[in-house]
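Novice: First the structure, then my questions, so here it is.
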Amino acid sequence: MKINEENICQLDKINVSLGGSRIFQDLSFDFKRRERFLLLGRNGSGKSTLLRLIAGLLSPHSGTRTLGENTNPFLLSHASGLYADLTIEENLLFFSGLFGVTKPVNDVIKSWGLDKFRYRTLRTVSKGTSTRTGLALVDIIRPPLLLLDEPTANLDHDGIQVLLQRILSDQDTTIIIATHDLHHLATWGNTLLLLDNGSIKSSSSIETKEALLDFYHASNR
């Protein structure tokens, strides 16, 4: 299937069932290049499943996922995928090399407040520091399609500010964030997405965003 040039990812009539429960039914959506999507939904609505599907880590039972040319999605979730027995610096050097990025990591380590932990293995640091390490890797490799699953969950105020300034302000990357954190992220993004009963409701205008947020809050009471 050929993708429209203005899109970075197209989902067409996706059907997914897990554990006997239908998650998506004939789900279709076009993710436009350089847009920023805030993905909301109740627990169990399929937010993480959708990110894994876009990342290519999950295959649909039917339907197609099509990516733009030279698009390699990068998913950062609760399980960062980094090596627990490597130090923070070793992880960043190894994975940045794996992605073909050769720029120095020292400035990024300092920007993310990781300097005093750089020689500690990942298994010996807190969840917050581990999250910062994963986001520091994102900061280095700058993927064209970035998928973040609850990125603020283990971050303190300073960490969230670094996330907003160094990654979420990037205008050249298509970013999809699945989150419950409307305190910090409610005003972020061009487009609000709401997963409900296996389909996506979307909005990019202020008025309809507010209506979707009201619907989301009402469904979570």
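The values are calculated or read from the model by the stated rules, or taken from the named source; none is laboratory data. Here the structure is a predicted model, which is why all the values come from computation and not from measurement. Cβ sites come from the backbone with ideal geometry, for glycine too, and all protein chains shown count toward neighbours. Note: areas computed on protein heavy atoms with side chains; ligands, DNA, RNA excluded. Shrake-Rupley method; radii C 1.70, N 1.55, O 1.52, S 1.80 Å.
Novice: Do you know which of the residues in the range 88-110 that are of a type in the set (A, V, I, L, M) and in a helix (DSSP H, G or I) is modelled with the lowest pLDDT?
Specialist: Applying the filter and picking the extreme gives Leu98.
Novice: Considering only the range 117-134, I want to know if a residue exists there that is more than 29 Å from Thr49 (Cβ to Cβ) and crowded, with 21+ Cβ neighbours inside 10 Å.
Specialist: Yes, that holds for at least one residue.
Novice: State whether the residues of the range 159-173 include one that is closer than 26 Å to Asn43 by Cα and surrounded by fewer than 16 Cβ atoms within 10 Å (Cβ to Cβ).
Specialist: yes
Novice: For Ser219, work out the one condition from (1) over 16 Å from Phe37 (Cα atoms); (2) open to solvent by less than 20 Å² (accessible area, probe 1.4 Å) it doesn't fulfil.
Specialist: (2)
Novice: Of all residues being without any contact (Cβ under 8 Å) to a residue 40 or more places away in the chain and of a type in the set (Val, Ile, Thr) in the range 174-216, which is least open to solvent (accessible area, probe 1.4 Å)? Just the residue, please.
Specialist: Thr208
Novice: Continuing with this model, one more query. Would you check if there is a residue in the range 89-111 being touching a helix residue (DSSP H, G or I) at 6+ places or on another chain (Cβ under 7 Å), under 21 Å from Thr71 (Cβ atoms) and surrounded by 16 or more Cβ atoms within 10 Å (Cβ to Cβ)?
Specialist: So far as the range 89-111 goes, yes, one or more of its residues are touching a helix residue (DSSP H, G or I) at 6+ places or on another chain (Cβ under 7 Å), under 21 Å from Thr71 (Cβ atoms) and surrounded by 16 or more Cβ atoms within 10 Å (Cβ to Cβ).
Novice: Would you be able to say whether some residue in the range 9-16 is modelled with pLDDT of 95 or more and among the acidic types (Asp, Glu)?
Specialist: Yes, some residue in the range 9-16 is modelled with pLDDT of 95 or more and among the acidic types (Asp, Glu).
Novice: For the list (1) touching a Lys or Arg at 6+ places or on another chain (Cβ under 8 Å); (2) buried (at least 20 other Cβ atoms within 10 Å of the Cβ); (3) of a type in the set (Val, Ile, Thr), I need the number of the one condition that Val138 fails.
Specialist: Every listed condition holds for Val138 apart from (1).
Novice: What number of residues in the range 5-44 are under 29 Å from Asp172 (Cα atoms) and either open to solvent by 80 Å² or more (accessible area, probe 1.4 Å) or not in a strand (DSSP E or B) (or both)?
Specialist: Matching residues across the range 5-44 total 6.
Novice: Another question, if that's okay. Counting just the residues of the range 65-81 that are open to solvent by less than 20 Å² (accessible area, probe 1.4 Å) and in a loop (DSSP other than H, G, I, E, B), which one comes out farthest from Arg132 (Cα to Cα)?
Specialist: Looking at residues that are open to solvent by less than 20 Å² (accessible area, probe 1.4 Å) and in a loop (DSSP other than H, G, I, E, B), I get Gly68.
Novice: Please go through the range 33-69 and pick out each residue that is more than 22 Å from Gly81 (Cβ to Cβ) and touching a Cys at 6+ places or on another chain (Cβ under 8 Å).
Specialist: Thr66, Gly68
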